[in-house]
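A.B. asks: Here it is, the structure, as structure tokens.
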Amino acid sequence: MKRQQTGTVGIEVIGGRLRLRLPRQATPDTITRYISSGFKNTPDNLKKLQVIAWDIERDIKADKLAETYQSYIDIFKPKPVPKPTITKPTTFSQLWASYCHYKQPQLAATTYTQDYCKKWANHIAKLPQGLNKAIELRDALVAKVSADTAKRLLTLLAACGTWAVKSGLITANPFLGMAADLKRPKTDRSIDPFSATERDAILLGFQLHPRYSHYHSFVKFLFLTGCRTGEAISLQWKHIAPDLSSIAFTESYSSKLKIRKCTKTGKSRKFPANPDLRSHLATIKPKNAKPTDLVFNSPTGLPIDNSKFTNQIWKGCKVGKKTYKGILPSLIDSGAVAAYRCPYTTRHTFITMMLAAGLTIPQVANLVGNSPEIVLKHYAGNSVDLVPSI
């Protein structure tokens, strides 16, 4: 068995549960060497524990473990969840509100706030409300919105109805089977990544721009890692290894809610940095960078606002009497970029290029935090530059 390196935190499996093993030289008599997580031994839990292990290792190197040790113990203490008081609803909006309250602990903060409590709640509020008017609700919904939106909302209402029946709020689920009767129109959702030439033109456009050059390093990072935009915005220097050899993507940032949350999939991942990425990080890292400092920020030092970046800087728009001329329209006008694509296309570009470079589908999926099925469905074989002769 390979000897544990000095300062390395190990992960062990005891009775099917995971625990952390701190290095002996870093644990005085006042600190227990083993921290039981209570987590089952699963790949997802192993990834979560690995992120915590990296945090502890950084504290050991900084000689701060005595100060932060209790905070790691507290992570694994069970947190009591108060039981909601449920009253029988009389309208579909009230029923949905009760369902949202039930679903809140299971949802990402952005999904709960923006989708469940705002988007879908607003749709429902404009529809017939009596609990005996499910058919009228469906007909009104289909008349107001697209078939795709109607199908999605009816699917959610069916799940809401199932929960309500089990909770004793209603006697029967009026939405069962409704969504199946609606057919979504076929749409072309093919991936359209940037070419290498277009990517280089975009980076040069940002680098030379008199107002937006500040964002060059941010956009280059998106192209080099294929990470989600919110993941890059939330990144702090503590998430990057001191030798710049790897990046831990553990969080995402919601510009709308101004909060940090878990990644889209709820999973953390360790991204190995190639020479180009390490060189880029070395170039932009300040000499006095603190662990909690943002890697990328706005010119005023605040977290980048994804919406403003997309609309004002990338795409261009008009706000009141002020007109923002975006980077992409200028490049399209000059012929350097064929057509407009949103900033998320940097992710599509990375994935497509990694597959073209010979990485396997599981390898690419691990790098970008997707499932192999998603990569296979949306990216593998999607871009063909040359049809071979037969």
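Derivation of every value follows stated rules applied to the coordinates shown; laboratory data play no part. Predicted model only: the values in this text are computed from it and were never measured. Cβ sites come from the backbone with ideal geometry, for glycine too, and all protein chains shown count toward neighbours.
A.B. asks: For region 92-181, place one equal point scatterer on every Cα, skip the solvent, and apply the Debye formula. What is log10 of I(q)/I(0) at q = 0.11, 0.16 Å⁻¹?
C.D. replies: -0.27, -0.59
A.B. asks: Can I ask one more? Want the number for Ile284 to Asp181: 0.36 nm per residue separation, take away the alpha-carbon distance, what's left?
C.D. replies: Stretched out fully, the Ile284 to Asp181 stretch lengthens by 31.7 nm.
A.B. asks: What relative contact order, as a whole-number percentage, does region 45-135 give when Cα pairs under 8 Å and 6 or more residues apart are counted? Don't skip to the answer; put the middle values down first.
C.D. replies: Numbers: 33 pairs, mean separation 22.8, N = 91.
Relative contact order here is 25 percent.
A.B. asks: For the chain, compute Rh as the Kirkwood radius over C-alpha pairs and then the Stokes-Einstein diffusion coefficient at 37 °C and 0.692 mPa s; write the answer in µm²/s, rounded to an integer.
C.D. replies: 133 µm²/s
A.B. asks: Direction-averaged shadow area of the convex hull around the Cα atoms of region 10-75, nm²?
C.D. replies: Across all orientations, region 10-75 yields a mean hull projection of 4.2 nm².
A.B. asks: Please give the FRET efficiency for Asn297 paired with Gln114, using the beta carbon to beta carbon distance and R0 = 25 Å, rounded to the nearest 0.05. Don't skip to the end; give the middle numbers.
C.D. replies: On the way: r = 23 Å, r/R0 = 0.93.
The calculated FRET efficiency here is 0.60.
A.B. asks: Right, next: Place a point 7 Å from the Cα of Ala143 along the Cα-to-Cβ direction; which residues of region 101-130 have their backbone N under 14 Å from it?
C.D. replies: Inside the label zone: 126-129.
A.B. asks: Further question on the same structure: Extent of region 16-169 along each principal axis, from alpha carbon coordinates, in Å, largest to smallest?
C.D. replies: Principal axes ranked by extent give 70, 31, 28 Å for the Cα atoms.
A.B. asks: What is the order of Cys100, Cys262, fewest Cβ neighbours within 10 Å to most? Kindly include the intermediate steps, with their values, before the conclusion.
C.D. replies: Working: Cys100 18, Cys262 14.
The order, fewest Cβ neighbours first, is Cys262, Cys100.
A.B. asks: Between Ser246 and Asn274, what is the label-point separation in nm under the 7 Å Cα-to-beta-carbon projection?
C.D. replies: Distance between label points: 1.9 nm.
A.B. asks: Now for a separate question. Below 8 Å between Cα atoms, with a sequence gap of 6+, how large is the relative contact order for the chain in percent?
C.D. replies: Numbers: 465 pairs, mean separation 45.2, N = 390.
Computed over the chain, the figure is 12 percent.
A.B. asks: What length, rounded to one decimal in nm, is gained on full extension from Lys308 through to Thr197, with 0.36 nm per residue of separation minus their alpha-carbon distance?
C.D. replies: 37.4 nm
A.B. asks: Grab the beta carbon distance between Thr155 and Thr30, set R0 = 41 Å, and tell me the FRET efficiency rounded to 0.05.
C.D. replies: On the way: r = 54 Å, r/R0 = 1.32.
For R0 = 41 Å, the calculated efficiency reads 0.15.
A.B. asks: Residue separation times 0.36 nm, minus the C-alpha to C-alpha distance between Ala357 and Asn41: what's the value?
C.D. replies: Details: separation 316, 0.36 × 316 = 113.76 nm, distance 3.38 nm.
Length gained, Ala357 through Asn41: 110.4 nm.
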